[in-house]
Amino acid sequence: TTIINGLGANGERDRNIHLPWGNGQVYWDCGADGDGYDRINKSASTMDLGGQWNHWAFTKNATSGDMKIYLNGKLWHSGVGKTKSIDLSNLVLGKSSSYAQNYKGSVDELRVWDKALTENEIADWMNISIDASHPNYKHLVAY
């Protein structure tokens, strides 16, 4: 399944989250350069994926090269050396950009930032609605 799929200005995959893909792996793709995209992935357990509400957060800092996946406010997986630039021009929620691979779950909130939040910021705000009191409110792109 695909929960988020975003394309860059030239139609290349710029952002993609498989939660999970058919092999039980969670994939986080972000940033592209025409020769591919940056990716981190990890096998997920049944508890990670269903039967309860879970809070997932995916971050990337293209300058430092850090990509991270958080589950319920805790670091779940990370990768380094991921410096491909981010150029998002189109974002689809709940399926791929070709409108296939439908996500088979529920989504309560979606937040898109133009800055990688810290683990503490994610944990502190994961169950709170966002308003102007958030320390990075000016970096909120979509909510």
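The values are calculated or read from the model by the stated rules, or taken from the named source; none is laboratory data. Because the structure is a prediction, the values reported are computed rather than measured. Don't worry about glycine lacking a Cβ; one is built from the backbone with ideal geometry, like all the others, and counts go over all protein chains shown.
Overview of results
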read-out: Flag if ASN127 is touching a residue at least 60 places away in the same chain (Cβ under 8 Å) and under 17 Å from THR2 (Cα atoms); value: no
read-out: Qualifying residue in the range 44-51 (condition: farther than 27 Å from PRO135 by Cβ and β-branched (Val, Ile, Thr)); value: yes
read-out: Single condition ASP38 does not satisfy, out of (1) surrounded by 18 or more Cβ atoms within 10 Å (Cβ to Cβ); (2) of a type in the set (D, E, K, R); (3) without any contact (Cβ under 8 Å) to a residue 24 or more places away in the chain; value: (3)
read-out: Whichever residue in the range 41-69 is buried (at least 21 other Cβ atoms within 10 Å of the Cβ) and touching a His at 6+ places or on another chain (Cβ under 8 Å) and, among such residues, is nearest to LYS115 (Cα to Cα); value: LYS68
read-out: Residue in the range 22-35 that is at pLDDT below 95, surrounded by 17 or more Cβ atoms within 10 Å (Cβ to Cβ) and at positive phi present; value: yes
read-out: Those residues of the range 89-99 which are of a type outside the set (S, T, N, Q) and either free of Cβ contacts under 8 Å to residues at least 12 places away in the same chain or in a strand (DSSP E or B) (or both), in sequence order; value: LEU91, VAL92, LEU93, TYR99
read-out: Looking only at the range 98-122, and only at residues there that are surrounded by fewer than 17 Cβ atoms within 10 Å (Cβ to Cβ) and more than 15 Å from the chain's Cα centre (by Cα), the one that is modelled with the highest pLDDT; value: ASN120
read-out: Residue match in the range 125-133 (condition: surrounded by 15 or more Cβ atoms within 10 Å (Cβ to Cβ) and of a type outside the set (A, V, I, L, M, F, W, C)); value: no
